[in-house]
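A.B. asks: Attaching a single structure in structure tokens format; questions to follow.
Every read-out reported here was derived from the displayed coordinates using simple, explicitly stated rules and does not represent laboratory data. From a predicted model like this one, the values you see are computed outputs, not experimental measurements. Heads up, the Cβs are rebuilt from the backbone with ideal geometry, glycines too, and the neighbour counts pull from every protein chain shown.
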Amino acid sequence: MIYVVHFSWFILIEIISLNKSFKKFDLSNVVLTDIPMTDLKKDMIEHSLPSPLRFLNYVKENNAYFIDRVRMSNWKEVKSKDLFDMFCCWCIENNEKKMSNTAFGKIVNTKYEKKRTNNGYMYDLEALKI
């Protein structure tokens, strides 16, 4: 019997064969199952993200963390230096490996726009890039 378990982002194929003959497969016994979105699946998806994106998800869910560290509640203009410093603190608190400011910026720039202003580089964390 062949079971195919389908995730939205990858396919895991488990083949169980009674006669150990892998030369010919009868695909009429294939059962395709879509795994529902459980807490475990959400955790697996979340932990597969790069740490800067996990950090941004955490900060967006916990506004108090952001407000306490940056002393502002405006998601429209967040200094890139403040965001990176907050990321470094979050890494220490959560036993995550820190990365350089450049690597952090490259990952964050895939999702959020960075603009140069008179006050330095700012991220607009309200608007996702499409």
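A.B. asks: Counting Lys and Arg as +1 and Asp and Glu as -1, what is the net charge of the other residues whose Cβ lies under 11 Å from the Cβ of Asn101?
C.D. replies: Every neighbour counted, the sum reads +2.
A.B. asks: Mind listing the phi-derived Karplus ³J(HN,Hα) values for the range 40-51, rounded to whole Hz, using 6.51, -1.76 and 1.60 with θ = phi - 60°, and x for any glycine or proline?
C.D. replies: After applying 6.51 cos²θ - 1.76 cosθ + 1.60, I find 5, 5, 4, 5, 5, 5, 4, 6, 7, 6, x, 4 Hz.
A.B. asks: Under a point spin-label approximation (7 Å from Cα along Cα-to-Cβ), what is the Asp68-Asp124 distance to one decimal in nm?
C.D. replies: Once both label points are built, they end up 3.0 nm from each other.
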